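S.K.: Quick one: the structure is below, questions incoming.
Only the coordinates and a few stated rules stand behind these numbers; no lab work does. The structure displayed is predicted, hence computed values, not measured ones. Methodologically, a virtual Cβ is constructed for each residue, glycine included, from the backbone with ideal geometry; neighbour enumeration extends over all protein chains shown.
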């Protein structure tokens, strides 16, 4: 059974502007070291950062918490399987929230074009 669903879309130029204006301060606040390393492998990392930003927003919506006390940016790490499919590694307060509320899994999907990045998330009961 589904606990909640979330969707988010971001403009890639908005993320690019934040990276340009705030640099590492922005990247370190929003993305884990592993995410920063993954995205930085690309010639143009911004769409990959934007997709992960959208995923974290979508996950927070699926949980019904928003980003703040119960779920922080760094509690949510977007990883990839060997086949390339994105999946969520959850930790910290977000993991505790999921345990307390009986959420067993959160499925995600990401996409991006040259202008937009989007993500969906579905939180599933245990």
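S.K.: Any chance the stretch 18-27 includes a residue that's closer than 21 Å to residue 92 by Cα and assigned to a loop (DSSP other than H, G, I, E, B)?
M.R.: Going residue by residue through the stretch 18-27, those that are closer than 21 Å to residue 92 by Cα are 25-27.
With assigned to a loop (DSSP other than H, G, I, E, B) added as a condition, the list becomes none.
Checked the stretch 18-27: no residue is closer than 21 Å to residue 92 by Cα and assigned to a loop (DSSP other than H, G, I, E, B).
S.K.: Quick one: count up the residues across the stretch 87-107 that are without any contact (Cβ under 8 Å) to a residue 60 or more places away in the chain and under 14 Å from residue 3 (Cβ atoms). Reasoning before the result, please.
M.R.: Within the stretch 87-107, the subset without any contact (Cβ under 8 Å) to a residue 60 or more places away in the chain is 87-100, 104-107.
Now drop any that are not under 14 Å from residue 3 (Cβ atoms), which leaves 88, 90, 94, 97-100, 104-107.
Counting residues in the stretch 87-107 that are without any contact (Cβ under 8 Å) to a residue 60 or more places away in the chain and under 14 Å from residue 3 (Cβ atoms) gives 11.
S.K.: Which of the residues belonging to the stretch 73-97 are surrounded by 18 or more Cβ atoms within 10 Å (Cβ to Cβ) and outside any helix (DSSP H, G or I)?
M.R.: Across the stretch 73-97, the qualifying residues are 76, 77, 78, 88, 90.
S.K.: When you go through 3, 53 one by one, which is the residue that is closer than 17 Å to residue 117 by Cα and crowded, with 19+ Cβ neighbours inside 10 Å?
M.R.: Working: 3 fails: closer than 17 Å to residue 117 by Cα.
The conditions single out 53.
S.K.: Restricting the search to the stretch 4-62, which residues are out of contact with any helix residue (DSSP H, G or I) (no Cβ under 7 Å at 6 or more places or on another chain) and within 15 Å of residue 122 (Cα to Cα)?
M.R.: 54, 55, 57, 58, 59, 60, 61, 62
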